[in-house]
1. On C-alpha positions alone, give me the angle between the axis of helix 2-14 and the longest principal axis of the chain, in degrees, nearest 10.
2. Based on the Kirkwood radius over alpha-carbon pairs, what value in µm²/s does the Stokes-Einstein equation return for the translational diffusion coefficient of the chain at 20 °C and 1.002 mPa s?
3. Could you work out the helix-only [θ] at 222 nm for the chain, with each DSSP H run of four or more residues adding -39,500 (n - 2.57) and the total divided by the number of residues, to the nearest 500 deg cm²/dmol?
4. When DSSP assigns beta bridges and you keep just the ones with both residues in region 39-129, what percent turn out antiparallel, to the nearest 5?
5. So, for region 48-170, what is the accessible surface per residue at a probe of 1.4 Å, expressed in square angstrom?
6. Give me the percent of accessible area attributable to carbon and sulfur for the chain, probe 1.4 angstrom.
7. Any chance you could run the full-extension gain for T60 through H123? It's 0.36 nm times the residue separation minus the Cα-Cα distance, nm to one decimal.
8. So for R52, R74, what's the accessible-area order with a 1.4 Å probe, most first?
Amino acid sequence: MKRLAFLLALTPFSAQAAPDPCASPPLLAEPWTSWTQSGTATAGATGSTAPRLILGKPVTATLRPGAQVQFVVRPGKVIPKSYAGLFSLAVKDAARIGIALSEGAWVDVATGTTALTSAAHDHGPACSGIRKIVWFDLPPGLHTIQITGALKPSISIMAADARANQLQPR
């Protein structure tokens, strides 16, 4: 009986949940410092209706059913009954650009009708809300960003220059 009373006395302590490590997430480092600020956009269904992303400015985007999107290049991955959308991005100088997403999805970047190969893939920092980052070495010009295979109709997206707010040699 004493043993049972002892075990019952310990139960509240052992049943307590561990503290949430993301309750006070750390500040994000460059180039992702503005990730938590967000505008809104509706992803384009065609290249000509694709909203423009601005480097360093995240948006929460409403995606479209994938079957409604006319892709500029053949998507790298298509998942039936998923969501998709197009965005545009203008780059003044050649740069390594990261495309960050809040949810799992496929990212393709095209210049004109030419698909570009990704340079690297990362996970976002712990507790940041960034699920993945796909890096591309982009030449100057206008590019189309294709999101495919998203399982949710909404996604946060941000394009960032790897050199953002870093001192550049003169």
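1. The helix 2-14 is inclined about 20 degrees to the chain.
2. Translational D for this selection: 122 µm²/s.
3. -2500 deg cm²/dmol
4. The answer is about 55 percent antiparallel.
5. 53
6. 59
7. Result: 20.8 nm gained on full extension.
8. R74, R52
The values are calculated or read from the model by the stated rules, or taken from the named source; none is laboratory data. This structure is a prediction, so every number in the text was calculated from the model and none was measured. With ligands, DNA and RNA removed, areas are computed over all heavy atoms of the protein, side chains included. Shrake-Rupley method; radii C 1.70, N 1.55, O 1.52, S 1.80 Å.
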